[in-house]
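Undergrad: Let me give you the structure first, and then I'll get to my questions.
The values are calculated or read from the model by the stated rules, or taken from the named source; none is laboratory data. Note that this is a predicted model, so its numbers are computed, not measured. When we count neighbours, we look across all protein chains shown, and the Cβ atoms used for this are built from the backbone with ideal geometry, even at glycine.
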Amino acid sequence: MDLLNTLVDKGLRRETPTRGEALAVLATSDDDLLDVVAAAGKVRRHWFGRRVKLNYLVNLKSGLCPEDCSYCSQRLGSKAGILKYTWLKPDEASKAAAAGLAGGAKRVCLVASGRGPTDRDVDRVSDTIKAIKEQNEGVEVCACLGLLSDGQAERLREAGADAYNHNLNTSESTYGDITTTHTYADRVDTVQKAHAAGLSACSGLIAGMGESDEDLVDVVFSLRELDPDSVPVNFLIPFEGTPLAKEWNLTPQRCLRILAMVRFVCPDVEVRIAGGREVHLRTMQPLALHLANSIFLGDYLTSEGQAGRADLEMIADAGFEVEGADQVTLPEHRTGGGGCGSHGDRGCGSHGDGGCGSHGDGGVCGTAPADAGRAGAGSRGGADGETVRRADEPRTDLVAVRRRGAGTDLAPNA
């Protein structure tokens with residue numbers, strides 16, 4: 001296919017595809033899907049080999065957010081039955097982080113719900129960053145705290161933060177349909193503040209909120225212009241109790257096309273599969289590793305993820321390897337030889353939605369509806385009387401509220 005040959009050539013040269021080419025990737029047929037994955041995989045392997053970076057989320061403060069982001073279980077007015085708790089103490093957060101690091105993660109993403117941190121909140125998070133860094137040599141720490149005020153990014157960097165995550169989530173033209181309590185421009189401003197402070201910027205999107213192909217291309221091209229080091233791709237889980245509870249728009253094939261398009265537009269950045277991969281990619285997750293070079297290990301902010309051991313087995317079975325703490329994630333031209341980010345004066349060991357998911361919740365939350373265990377309309381009986389799910393049916397049975405790890409007395413899933 002001439003389109004794919006052109007996109008591979010451009011990706012290897014770090015050239016930007018045209019909008020038409022990006023849209024054409026999303027419009028490819030299922031018959032062409034493996035060719036699309038193979039082509040984008042060439043670009044991924046050129047810049048990142050067969051390494052998979054593992055990241056681990058620690059939810060420092062859960063629920064009770066004053067913002068109205070429609071996708072988020074922690075939003076204003078949410079009726080989702082999630083854990084709610086105030087700030088973890090530094091030693092509690094460090095203990096939670098240690099579980100992920102023991103499982104092979106090289107980056108810890110510290111996330112807190114809310115519009116943005118107060119100066120006192122920045123002090124709290126700074127103490128937590130220092131505690132984690134003191135107890136874990138070479139670990140990368142990314143903060144995801146919402147909208148930043150002047151000077152706060154600099155203070156986080158001084159405390160030892162390596163990266164800051166704040167996602168654009170969707171296109172500028174549709175942003176007001178998703179959130180009304182802050183603007184798309186507010187988000188762009190925070191990413192720029194992180195860049196200016198010398199932090200490795202991480203910013204991504206949420207797919208599956210009812211957006212068009214044009215919206216997806218718009219937000220990915222906007223991300224390329226912002227030039228973050230890490231682009232997390234979240235797949236919306238329509239959380240019961242939120243305005244998007246009925247938006248089940250994704251199939252595994254659609255998710256793979258989206259990841260391929262992101263890889264072609266952002267060939268040499270860390271593309272991370274974030275929230276929703278277990279629910280929407282399902283058994284196709286190993287194919288997605290040919291497109292993305294980074295995933296989250298174990299649980300998310302308010303929902304349970306695939307078991308950490310299963311993540312590691314999947315990576316090995318697919319012929320990939322976990323990226324070590326002594327390996328630099330990004331290509332040398334993006335690091336200047338200095339570490340994980342694009343600013344060469346920093347040596348951080350190689351980000352939280354580093355791609356820490358989206359602000360507030362990463363699009364990674366949900367409870368299984370009451371009928372989740374039953375087959376949906378259109379299911380048919382299997383040979384043994386079991387129901388067989390249609391390919392386009394959502395797997396709501398895979399979604400469970402997180403009841404373990406940070407903020408609980410139960411061991412984390414890492």
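Undergrad: With modelled with pLDDT of 95 or more, surrounded by 24 or more Cβ atoms within 10 Å (Cβ to Cβ) and aromatic (Phe, Trp, Tyr) as the only criterion, which of TYR175, TYR184, TYR164 stands out?
TA: TYR164
Undergrad: Now a separate question. Taking region 280-304 only, how many residues are in contact with an Asp or Glu (Cβ under 9 Å, 6 or more places away or on another chain) and hydrophobic (A, V, I, L, M, F, W, C)?
TA: Count: 5.
Undergrad: Is region 91-100 home to any residue that is among the acidic types (Asp, Glu) and touching a strand residue (DSSP E or B) at 6+ places or on another chain (Cβ under 8 Å)?
TA: no
Undergrad: Among the residues of region 219-250, which ones are crowded, with 24+ Cβ neighbours inside 10 Å and either assigned to a strand (DSSP E or B) or of a type in the set (D, E, K, R) (or both)?
TA: Passing the criteria: ASP229, SER230, VAL231, PRO232, VAL233, ASN234, PHE235.
Undergrad: Against the condition aliphatic (A, V, I, L, M), surrounded by fewer than 24 Cβ atoms within 10 Å (Cβ to Cβ), outside any loop (DSSP other than H, G, I, E, B) and touching an Asp or Glu at 6+ places or on another chain (Cβ under 8 Å), how does LEU76 come out, does it pass?
TA: Criteria not met by LEU76.
Undergrad: Let me spell it out: the conditions are (1) part of a loop (DSSP other than H, G, I, E, B); (2) farther than 27 Å from PRO117 by Cβ; (3) of a type in the set (S, T, N, Q), and SER173 meets all of them except one. Which number is the exception?
TA: Condition not satisfied by SER173: (1).
Undergrad: Report every pair of residues separated by at least 6 positions or lying on different chains whose Cβ atoms are under 8 Å apart, first residue within region 312-332 and exposed (fewer than 14 other Cβ atoms within 10 Å of the Cβ), second at pLDDT 95 or above and part of a helix (DSSP H, G or I).
TA: The qualifying pairs are ASP317/PRO286; GLU321/ILE315.
Undergrad: When you look at ALA194, is it buried (at least 23 other Cβ atoms within 10 Å of the Cβ), under 20 Å from the mean Cα position of the chain (by Cα), more than 28 Å from ARG254 (Cβ to Cβ) and not charged (D, E, K, R), yes or no?
TA: In short, yes.
Undergrad: Moving on. Name the pairs whose Cβ atoms lie under 9 Å apart, with the first residue in region 1-25 and over 11 Å from VAL265 (Cα atoms), the second among the polar types (S, T, N, Q) and surrounded by 16 or more Cβ atoms within 10 Å (Cβ to Cβ), and 6 or more positions between them or separate chains?
TA: MET1/THR28; LEU3/THR28; LEU4/THR28
Undergrad: Within region 221-247, work out how many residues are touching a Ser or Thr at 6+ places or on another chain (Cβ under 9 Å) and at pLDDT 95 or above.
TA: Number of matching residues: 12.
Undergrad: Right, something else. Does GLY49 qualify as being surrounded by fewer than 16 Cβ atoms within 10 Å (Cβ to Cβ) and on the phi > 0 side of the Ramachandran plot?
TA: Yes.
Undergrad: Ok, one more. Tell me which residues, restricted to region 84-129, are in a loop (DSSP other than H, G, I, E, B), crowded, with 22+ Cβ neighbours inside 10 Å and modelled with pLDDT of 95 or more.
TA: Within region 84-129, ALA105, LYS106, PRO117 meet the criteria.
Undergrad: Before we move on, is ARG282 more than 18 Å from VAL43 (Cβ to Cβ) and either touching a helix residue (DSSP H, G or I) at 6+ places or on another chain (Cβ under 8 Å) or at pLDDT 95 or above (or both)?
TA: Yes: the conditions hold for ARG282.
Undergrad: Looking at region 5-23, which of its residues are surrounded by fewer than 18 Cβ atoms within 10 Å (Cβ to Cβ) and either in a helix (DSSP H, G or I) or of a type in the set (Asp, Glu) (or both)?
TA: Once the filter is applied, which keeps residues that are surrounded by fewer than 18 Cβ atoms within 10 Å (Cβ to Cβ) and either in a helix (DSSP H, G or I) or of a type in the set (Asp, Glu) (or both), region 5-23 yields ASN5, THR6, ASP9, LEU12, GLU15, ARG19, GLY20, LEU23.
Undergrad: Test of understanding: among GLY324, GLY319, GLY341, GLY337, which residue is more than 19 Å from the chain's Cα centre (by Cα), at pLDDT below 75 and over 28 Å from PHE239 (Cα atoms)?
TA: On inspection, the qualifying residue turns out to be GLY337.
Undergrad: Any residue in region 43-51 that is in contact with a Gly (Cβ under 6 Å, 6 or more places away or on another chain) and part of a loop (DSSP other than H, G, I, E, B)?
TA: No: region 43-51 contains no residue that is in contact with a Gly (Cβ under 6 Å, 6 or more places away or on another chain) and part of a loop (DSSP other than H, G, I, E, B).
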